[in-house]
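Shown next, in structure tokens, is the structure this report addresses.
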There are 2 protein chains.
Amino acid sequence: MRVLVIGAGLIGTSIALALKAQGREVFLSDSNSDALRTGLDKSGASSWSDGSVVNLVVVATPPSTVADVVRTAAHQHPNAIITDVASVKGAIFAALAEESDDVLSRIVGGHPMAGREVSGASAAQSNLFVDRPWVITRTSHTSDAACAAVHELATTLGAVPIERSVEEHDQAVALISHTPQVLASVLASRLVGAPQSHVDLAGQGIRDTIRIAGSDSALWSDILASNAHEVAHQVSQVAASLSAIAAALESGDKQAVTDILMLGSQGQKKLPGKHGAQVRQDAIVVVRLEDKPGELARLFGAAAQADVNLEDVRIDHSLGRMTGLVELTVSQAVAKQLEDSLIAQGFVVIA
Amino acid sequence: MRVLVIGAGLIGTSIALALKAQGREVFLSDSNSDALRTGLDKSGASSWSDGSVVNLVVVATPPSTVADVVRTAAHQHPNAIITDVASVKGAIFAALAEESDDVLSRIVGGHPMAGREVSGASAAQSNLFVDRPWVITRTSHTSDAACAAVHELATTLGAVPIERSVEEHDQAVALISHTPQVLASVLASRLVGAPQSHVDLAGQGIRDTIRIAGSDSALWSDILASNAHEVAHQVSQVAASLSAIAAALESGDKQAVTDILMLGSQGQKKLPGKHGAQVRQDAIVVVRLEDKPGELARLFGAAAQADVNLEDVRIDHSLGRMTGLVELTVSQAVAKQLEDSLIAQGFVVIA
């Protein structure tokens, strides 16, 4: 497999770096020569020159340019499979609808769900995709060979390939990624005009709720625009529910408020992982640490000695700093063993 | 200071336990004899009997009963100061408005912001309030002596007393606690009807955004009802913003979307702590751990050896399980020292 990666940002350079680490032949290109130089240095990939033949082209350019770059690549590399890494797929496929069957058979959408708060080639890492979902979208035109090549790319990088239709993917990310971003941003925007004396009382709840409001505004504006219709639908539904709750609060309709809270609790349990169906048997062990240096190290050392596998770790915050409260999520079966072991080692186990 | 705590739940029993640990004389009462027995066993407090004279009464009963219990206590203990721990204050003071000046001078509202996902006397802990805000609300009737007594109670328990007016407090918690709860619940409720194949793509973003949707629905319904007007105001404003964004997305008004995202980013930075003004000089060191037992222990051991103080720790999730990505927040001044030390000890530091 000879691969050309177009776009030497965080994702493109990380793909090049990871493929090089696996001994694959990789070329990298970027219209910005500074970015390209950093990407080449970081990844060890070769600079692309016309005439080099590749089997796979990975388009990792900014969202709004992807369709054009994919189209050009498909014509420049008539025997290659073309994939991309954009987080919305419908608009890209719509823009390519007029292409020939041959071109369309070689195009496979991809979405490695591995973004970081950092960006740029210098932040690239070969293990960015390990254990992450890599959504693969095929259309009725896509050939099996093209699909298999992107599956192989994903698994080579340690990711978990997951096939979805273009529509399914865009609806799913509207719900589980784009709408949460909009809600977090709108809620966080309410803090701007609020007195600091109000904001100072903020605890862990709102901190978690609006964490993603710190994301890159320009990038997210692009993402939301490219999935505008699906996101608008979800956001409108949320707005309608909120208006209904506001009315229920004003009219004293407590049951309507309780109903939505119960529904929310039910929805939250559908999330994969600690809260949900897949590891229903999880238990949380809460430990209060003394405010001494090295206590976290001592705790995790003790957990390792207890020979239990931690599913999750959460550290509580208050007044803007860490408290001594640490939640360890483990499977129900070993919770007692962990508790006993921690208590024997002098820790205060709360619940 | 001789204290009577009314209500042997998590908060009441924790207060009794913490006061006993400080050598204070404490009585505990509860209308439910089982709860009382557990609370007495857990805290070591004495059972209340008529005639015992106390200086301070702490009302820690369910929100909807607080005003009545405070009123009764003020008349039963004509020389005592009466405080409570309810999370909304306006409705309580409104219900007590007809009381005499003497009674009102002895009543001080309190709100220790130290809830846990657990409840009941058996989960009580003496250090529940350490480093937590304890909001104290006084009115124009409240005497300085009454206010000082509740300050002393808070500091005795290790909490940080913060004075706010009743109105300020209720407006602040509507914004920073109650509205986030409503938003998280509404967003999470959207998952109930969604196909599991969509929900399975959920990552850390929505997981954080809806974490508090798992809270106790009945308790929260009570809390929201008692702050109905303020919460309805905030929730309506959020609903209006969301409707405007949905319209902007449908009409292709990208600037309007970018504006709200930027405002959200600005609002998020106002939060106290790692994201905000108070510790602006923080840096995040991202470490990727190998998937081997004991790696977390080794990491925190190495951080302790590097002699740096961790301000925050966050562990990334994907596909419902922990990944090897750990974010350590430290002050800017020691970030380089931590990075060098971790790299020297064989860790992969990413950014």
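Since every read-out is calculated from the coordinates, none of them should be taken as a lab result. Just so it is clear, the structure is predicted and the values come from calculations on it, not from any experiment. All Cβ positions, glycine included, derive from the backbone under ideal geometry; neighbour counts span all protein chains shown.
Please work out the Kirkwood hydrodynamic radius for the protein assembly as shown, using every pair of different C-alpha atoms, and report it in angstroms with one decimal place.
Averaging 1/r across every pair of different Cα atoms and inverting gives 27.2 Å.
Using only atoms on other chains, find how many Cβ atoms lie within 10 Å of each Cβ of peptide A:220-232 and report the average.
Counting Cβ atoms of other protein chains within 10 Å of each residue's Cβ and averaging gives 5.
Would you report the distance distribution of C-alpha pairs in chain A as whole percents per 10 angstrom bin, up to the bin with the largest distance?
Result returned by the calculation: 5, 19, 25, 23, 18, 8, 1, 0.
For the range A:2-164, take N as its residue count and report Rg(C-alpha) divided by 2.2 N^0.38 Å. List each step's numbers first, then the result.
Values: Rg = 14.2 Å, N = 163, 2.2 N^0.38 = 15.2 Å.
Rg over 2.2 N^0.38 Å, computed on Cα atoms: 0.93.
I'd like the mean, over residues of A:35-46, of how many other protein chain beta carbons sit within 10 Å of each residue's own Cβ. Walk me through the intermediate numbers first.
Values: counts 0, 0, 0, 0, 0, 0, 0, 0, 0, 0, 0, 0.
Counting other chains' Cβ atoms within 10 Å and averaging over A:35-46 gives 0.
Using Cα centres only, tell me the gap between the range A:284-315 and the range B:192-233 in whole Å.
28
How far is residue B:62 from itself in the other copies, in nm, if each label sits 7 Å out from Cα along the Cα-Cβ line, shortest first?
Taking the point 7 Å beyond Cα along Cα→Cβ, the inter-copy spacings are 5.6 nm.
Against the longest principal axis of chain A, how steep is helix A:217-226, in degrees 0 to 90 to the nearest 10, with axes from Cα atoms?
That helix lies at roughly 70 degrees to the long axis.
If we hang a label 7 Å off Cα along the beta carbon direction at residue B:254, how far is it from the matching labels on the other copies, in nm, shortest first?
5.0
On the principal axes of its Cα set, how long, how wide and how thick is the range A:176-288? Give whole Å, largest value first.
40, 38, 35 Å, listed from the longest principal axis down.
Assuming a viscosity of 1.002 mPa s and a temperature of 20 °C, what translational diffusion coefficient in µm² per second does Stokes-Einstein assign to the range A:279-349, Rh being the Kirkwood radius over Cα pairs?
Estimated diffusion coefficient is 174 µm²/s.
Give a residue-ordered list of calculated ³J(HN,Hα) values for the range B:18-35 (Karplus: 6.51 cos²θ - 1.76 cosθ + 1.60, θ = phi - 60°; whole Hz; x for Gly, Pro).
My calculation for the range B:18-35 gives 5, 5, 4, 4, 8, x, 7, 8, 10, 10, 10, 9, 7, 6, 9, 5, 5, 4 Hz in order.
For chain A, modelled as a Gaussian network with Cα springs under 10 Å, which listed residue fluctuates most, A:185, A:143, A:265?
Among A:185, A:143, A:265, the largest GNM mean-square fluctuation belongs to A:265.
Provide the FRET efficiency to the nearest 0.05 for the residue B:229-residue A:349 pair, computing r from the beta carbons and using R0 = 35 Å.
0.25
Of A:212, A:260, A:11, which is the most mobile in a GNM of chain A whose springs link Cα atoms less than 10 angstrom apart?
With Cα springs under 10 Å in chain A, the top fluctuation among A:212, A:260, A:11 is at A:260.
Each residue of the range A:88-99 in turn: what ³J(HN,Hα) in whole Hz from Karplus with 6.51, -1.76, 1.60 and θ = phi - 60°, glycine and Pro shown as x?
Once θ is set to phi - 60°, the couplings for the range A:88-99 become 10, 10, x, 4, 5, 5, 4, 5, 9, 4, 7, 5 Hz.
Nearest 5 percent is fine: what portion of the DSSP beta bridges confined to chain B is antiparallel?
Values: 19 of 41 bridges.
Rounded to the nearest five, the antiparallel share is 45 percent.
For residue A:254, which aspartates and glutamates qualify as cross-link partners when the Cα separation must be under 20 Å and same-chain residues fewer than eight apart are set aside?
Candidates past the 8-residue exclusion: B:170, B:216, B:222, B:230.
Name the residues whose placed amide hydrogens come within less than 5 Å of the amide hydrogen of residue B:317, ignoring near sequence neighbours (fewer than 5 apart) on the same chain.
Under 5 Å from the amide H of residue B:317: B:204, B:323.
Just need the relative contact order of chain A here, percent rounded to a whole number, with Cα pairs under 8 Å and 6+ apart.
The value is 12 percent.
Of A:140, A:217, A:87, which has the largest mean-square fluctuation in a 10 Å C-alpha GNM of chain A?
A:140
Using the 7 Å Cα-to-Cβ label point, sort the distances from residue A:97 to its equivalents in the other copies shortest first and give them in nm to one decimal.
6.2
Near the amide H of residue B:5, under 5 Å away, which other amide H atoms are found, from residues 5 or more places off or on another chain, if H is placed in the peptide plane?
Here the answer is B:27, B:28, B:29, B:58, since their amide H atoms fall under 5 Å of that of residue B:5.
As a quick test, which of the pairs A:269/B:336; A:20/B:269; A:89/A:269; A:270/B:269; B:20/B:89; A:269/B:269 have an alpha carbon distance above 32 angstrom in this structure?
A:269/B:336; A:20/B:269
What is the antiparallel percent of DSSP beta bridges lying wholly in the protein assembly as shown, to the nearest 5? Don't skip to the answer; put the middle values down first.
Numbers: 38 of 82 bridges.
That works out to approximately 45 percent antiparallel.
Please give the helix A:295-305 orientation as an angle from the longest Cα principal axis of chain A, in degrees from 0 to 90, rounded to the nearest 10.
Once rounded, one gets 80 degrees.
Based on the Cβ-Cβ distance of residue A:97 and residue A:256, what FRET efficiency does E = 1/(1 + (r/R0)^6) give at R0 = 35 Å, to the nearest 0.05?
The formula returns an efficiency of 0.20 here.
Compute the acute angle (0 to 90°) between the alpha-carbon long axis of helix B:332-344 and the principal axis of greatest extent of the alpha-carbon atoms of chain B; round to the nearest 10°.
60
Please compute the contact order of the range A:279-349 in relative form: average sequence separation of alpha-carbon pairs under 8 Å and at least six residues apart, divided by the residue count, as a percent.
After rounding, I find 46 percent.
Determine the calculated [θ] at 222 nm for chain B from helices alone, applying -39500 (n - 2.57) to every DSSP H run no shorter than 4 residues and normalising by the residue count; nearest 500 deg cm²/dmol.
-13500 deg cm²/dmol
In sequence order, what are the phi-derived ³J(HN,Hα) couplings for the range B:55-67 according to the Karplus relation 6.51 cos²θ - 1.76 cosθ + 1.60 with θ = phi - 60°, rounded to whole Hz, with x for glycine and proline?
Per residue, the Karplus-derived 3J(HN,Hα) values read 8, 9, 10, 10, 8, 10, 9, x, x, 6, 9, 4, 4 Hz.
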